[in-house]
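*Asks:* The structure that follows is given in the form of structure tokens.
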Amino acid sequence: MEQEFEIGDLVTINKDLSEWEHLNEKSDNHPLKKHGVVIEMTDVRYVIRFGNFTAFLKAKDLLKLEGKAE
């Protein structure tokens, strides 16, 4: 079952998925290895802000972290 997300949720990319395993090889300061914030939701995608980087991801790609962005 996919997780539900709301605007302001802290999330990280699920690097256990085969399509995201390549992130494990990137340096620790790569923006997609850090947490992001849900800034917008569409019918099929979530818009996530990782610092200065914006990503458009599906719910299956994300893991929800504790807390909300302030």
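*Asks:* Tell me yes or no: at least one residue of region 16-33 is assigned to a strand (DSSP E or B) and either touching a helix residue (DSSP H, G or I) at 6+ places or on another chain (Cβ under 6 Å) or exposed (fewer than 14 other Cβ atoms within 10 Å of the Cβ) (or both). Give the steps one after another, and end with the answer.
*Replies:* First, the residues of region 16-33 that are assigned to a strand (DSSP E or B): none.
For region 16-33, residues assigned to a strand (DSSP E or B) and either touching a helix residue (DSSP H, G or I) at 6+ places or on another chain (Cβ under 6 Å) or exposed (fewer than 14 other Cβ atoms within 10 Å of the Cβ) (or both): absent.
*Asks:* Can you tell me which condition Ser27 does not meet? The list is (1) among the small types (Gly, Ala, Ser); (2) more than 15 Å from Ala59 (Cα to Cα); (3) modelled with pLDDT of 95 or more, and all the others hold.
*Replies:* Every condition holds for Ser27 apart from (3).
*Asks:* Is it the case that some residue within region 50-67 is assigned to a strand (DSSP E or B), in contact (Cβ under 8 Å) with a residue 24 or more places away in the chain and of a type in the set (Val, Ile, Thr)?
*Replies:* The answer is no, given that none of the residues of region 50-67 is assigned to a strand (DSSP E or B), in contact (Cβ under 8 Å) with a residue 24 or more places away in the chain and of a type in the set (Val, Ile, Thr).
*Asks:* Let me ask another. Considering each residue of region 11-55, count those that are polar (S, T, N, Q) and closer than 18 Å to Glu66 by Cα, and give that number. Show your work before the answer.
*Replies:* Quick first cut of region 11-55, residues polar (S, T, N, Q) only: 12, 14, 18, 24, 27, 29, 42, 52, 54.
Pick out the ones that are also closer than 18 Å to Glu66 by Cα and you get 12, 14.
Number satisfying all stated conditions: 2.
*Asks:* While we're looking at this one, here's another question. Please name all residue pairs, on different chains or six or more residues apart, with Cβ atoms under 6 Å, provided the first residue is in region 4-32 and is touching a residue at least 60 places away in the same chain (Cβ under 8 Å) and the second residue is in a strand (DSSP E or B).
*Replies:* Qualifying pairs under 6 Å: Gly8/Lys68; Asp9/Val38; Asp9/Lys64.
The values are calculated or read from the model by the stated rules, or taken from the named source; none is laboratory data. Fair warning: this is a prediction, and the values are worked out from it, not measured in the lab. Because the Cβ atoms are built from the backbone with ideal geometry, glycine has one as well, and the counts that use them run over all protein chains shown.
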